[in-house]
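Chemist: I'd like to ask you about the structure that follows.
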Amino acid sequence: MESNYEVFLKADFKHYIGKWVAICNEGIAASGDNAKLVYKEAQMRFPGKKIMLAKVPEKESMIF
Amino acid sequence: MTLSFKYKSIKRPDGEEVKTPSIPVTLIGEGAIRIEVMALIDSGADLSVISQDIAELLNLDLNGPKTKSRGIGGEVDAVNTHIKINIKKGHEDYIISVPVQVILGDSKVPVLIGRAVFFDEFKISFEQSEERILLKKINSNRY
């Protein structure tokens, strides 16, 4: 079974630019603008699964 | 031993590709709440940074004195606190307590690991041409 990190490395995020994504071993479990809501939604959709959050960077993003 | 993580390549709809030095870590908050995240290693940041919604997931107390976080784009309200960062791969498993700045409001900031404490604990090498980041623990105290 793949780890969340392995799923992250393989995932295609081109439709999630600038979004938070929740990843479980079945793929992208949820996405959106608010990390808390994305995490909760992923927990509801995949109860018992380990969830990993990642922010997909925007083009040439700088912090602040 | 050295922890090695590949850069994540992200292709955009316009065909451009961006590669980021991010690593999988588990953030540990109040009451031992653990959230696994991809964190960007940011040698330009003094402190580690998380957004308010991540802090709320970790049940961090945000009632401390407010401060200003200053970046190249200006100032934002923030609260200084601490979290623990668990990093592991293979037989390597470390927990580091770091100061963290929580950016208040609806920020778009990712999880950033800045220099304070974390860069004292690891020798960190960005191997851009190899598209990987290497972390070597400086002292070998395991947790």
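The values are calculated or read from the model by the stated rules, or taken from the named source; none is laboratory data. The shown structure was predicted, so the numbers you read here are calculated from the model rather than taken from an experiment. For neighbour counting, all protein chains shown are included, and Cβ atoms are generated from backbone atoms with ideal geometry for every residue, glycine included.
Chemist: Quick one: is B:Lys108 assigned to a strand (DSSP E or B) and not hydrophobic (A, V, I, L, M, F, W, C)? Steps first, please.
Modeler: Details: assigned to a strand (DSSP E or B): no; not hydrophobic (A, V, I, L, M, F, W, C): yes.
The answer is no for B:Lys108.
Chemist: Still on this structure: Going through B:Lys19, B:Lys66 one at a time, which residue ends up being more than 20 Å from B:Lys89 (Cα to Cα) and either surrounded by 15 or more Cβ atoms within 10 Å (Cβ to Cβ) or touching a residue at least 60 places away in the same chain (Cβ under 8 Å) (or both)?
Modeler: Being more than 20 Å from B:Lys89 (Cα to Cα) and either surrounded by 15 or more Cβ atoms within 10 Å (Cβ to Cβ) or touching a residue at least 60 places away in the same chain (Cβ under 8 Å) (or both) holds for just one of B:Lys19, B:Lys66, which is B:Lys19.
Chemist: Follow-up. Out of the residues in segment A:1-48 that are in a helix (DSSP H, G or I) and touching a Cys at 6+ places or on another chain (Cβ under 8 Å), state the one that is surrounded by the fewest Cβ atoms within 10 Å (Cβ to Cβ).
Modeler: A:Val7
Chemist: Find the residue count for segment A:22-63, including only residues that are touching a helix residue (DSSP H, G or I) at 6+ places or on another chain (Cβ under 7 Å) and closer than 25 Å to B:Asp42 by Cβ.
Modeler: Restricting attention to segment A:22-63, the residues satisfying the condition of being touching a helix residue (DSSP H, G or I) at 6+ places or on another chain (Cβ under 7 Å) are A:22-25, A:27, A:29-32, A:34-36, A:39, A:50-54.
Applying the additional criterion that residues be closer than 25 Å to B:Asp42 by Cβ yields A:22-23, A:31-32, A:34-36, A:39, A:51-54.
Total meeting the criteria: 12.
Chemist: Working carefully through the options B:Arg12, B:Arg34, B:Arg70, find the one that is at the interface with chain A (Cβ under 7 Å from one of its Cβ atoms) and either basic (Lys, Arg) or in contact with a Cys (Cβ under 6 Å, 6 or more places away or on another chain) (or both). Don't jump to the end; show me each part of the working.
Modeler: Working: B:Arg34 fails: at the interface with chain A (Cβ under 7 Å from one of its Cβ atoms); B:Arg70 fails: at the interface with chain A (Cβ under 7 Å from one of its Cβ atoms).
Every option except B:Arg12 fails the conditions.
Chemist: Now a separate question. Could you grab me the full set of residues in segment A:14-38 that are more than 19 Å from B:Asp53 (Cβ to Cβ) and at the interface with another protein chain (Cβ under 7 Å from one of its Cβ atoms)?
Modeler: A:Lys14
Chemist: Follow-up. I'm trying to understand the selection: among the residues of segment B:30-50, which are closer than 20 Å to B:Ile124 by Cβ and surrounded by 12 or more Cβ atoms within 10 Å (Cβ to Cβ)?
Modeler: B:Val37, B:Met38, B:Ala39, B:Leu40, B:Ile41, B:Asp42, B:Ala45, B:Asp46, B:Leu47, B:Ser48, B:Val49, B:Ile50
Chemist: Where the second residue is among the aliphatic types (A, V, I, L, M) and in a strand (DSSP E or B) and the first is more than 14 Å from chain A (Cβ to nearest Cβ) and surrounded by fewer than 17 Cβ atoms within 10 Å (Cβ to Cβ) and lies in segment B:111-128, which pairs have Cβ atoms under 6 Å and are six or more apart or on separate chains?
Modeler: Pairs that qualify, where the first residue is more than 14 Å from chain A (Cβ to nearest Cβ) and surrounded by fewer than 17 Cβ atoms within 10 Å (Cβ to Cβ) and the partner is among the aliphatic types (A, V, I, L, M) and in a strand (DSSP E or B), are B:Ser125/B:Leu134; B:Phe126/B:Ile133.
Chemist: Working only within segment B:3-22, note down all residues that are at pLDDT below 90 and part of a strand (DSSP E or B).
Modeler: Residues satisfying the conditions are B:Lys8, B:Ser9, B:Ile10, B:Lys11, B:Glu17, B:Val18, B:Lys19, B:Thr20.
Chemist: For segment B:16-25, indicate whether the set of residues that are within 12 Å of chain A (Cβ to nearest Cβ) and over 19 Å from A:Ala54 (Cα atoms) is non-empty. Steps first, please.
Modeler: We begin by selecting, within segment B:16-25, every residue within 12 Å of chain A (Cβ to nearest Cβ); these are B:16-25.
Restricting the remaining residues to those that are over 19 Å from A:Ala54 (Cα atoms) gives B:16.
Yes, segment B:16-25 contains at least one residue that is within 12 Å of chain A (Cβ to nearest Cβ) and over 19 Å from A:Ala54 (Cα atoms).
Chemist: Among A:Glu60, A:Glu6, A:Glu41, which is modelled with pLDDT of 95 or more and of a type in the set (Asp, Glu)? Walk me through how you get there before you give the answer.
Modeler: Values: A:Glu60 fails: modelled with pLDDT of 95 or more; A:Glu6 fails: modelled with pLDDT of 95 or more.
Of A:Glu60, A:Glu6, A:Glu41, the one residue that is modelled with pLDDT of 95 or more and of a type in the set (Asp, Glu) is A:Glu41.
Chemist: Among the listed residues B:Ser4, B:Ser97, B:Ser43, which satisfies the condition of being more than 9 Å from chain A (Cβ to nearest Cβ) and in contact with a helix residue (DSSP H, G or I) (Cβ under 8 Å, 6 or more places away or on another chain)?
Modeler: Just one listed residue meets the conditions, B:Ser43.
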